[in-house]
Amino acid sequence: MKTHILLTFVLGCATGAATNNVLSRAEAQAPAGVTRWEYKCVAGLRWASMNTLGAAGWELASTSAGGGDGSDLCFKRPLVN
């Protein structure tokens, strides 16, 4: 089960990275007033690192059960133009 969740998470991140160029072109066409986000996914963070990300404007968006080193965490923050 954990392997299935991890595989789904990794495939999702890979798909996101592969479509980055497509989404970058679409960003230019986004309507005014729509918040655009940037995302960062990391594995096995310690509390101090999470506090550093929070101070830089990142907020926790999702989690998934990781391997032996802890959970995989995805953060988001508003994209600054």
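The table below lists the values:
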read-out	value
Near pairs, Cβ below 6 angstrom, 6+ apart or cross-chain, from segment 49-61 (of a type in the set (D, E, K, R)) to any residue that is at pLDDT below 95 and exposed (fewer than 13 other Cβ atoms within 10 Å of the Cβ)	none
All positions within segment 45-81 that are among the β-branched types (Val, Ile, Thr) and either at pLDDT 85 or above or part of a helix (DSSP H, G or I) (or both)	THR52, THR63
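The values are calculated or read from the model by the stated rules, or taken from the named source; none is laboratory data. All values reported here derive from a predicted model rather than from experimental measurement. Quick reminder, even Gly has a Cβ in these numbers, built from the backbone with ideal geometry, and neighbours come from all protein chains shown.
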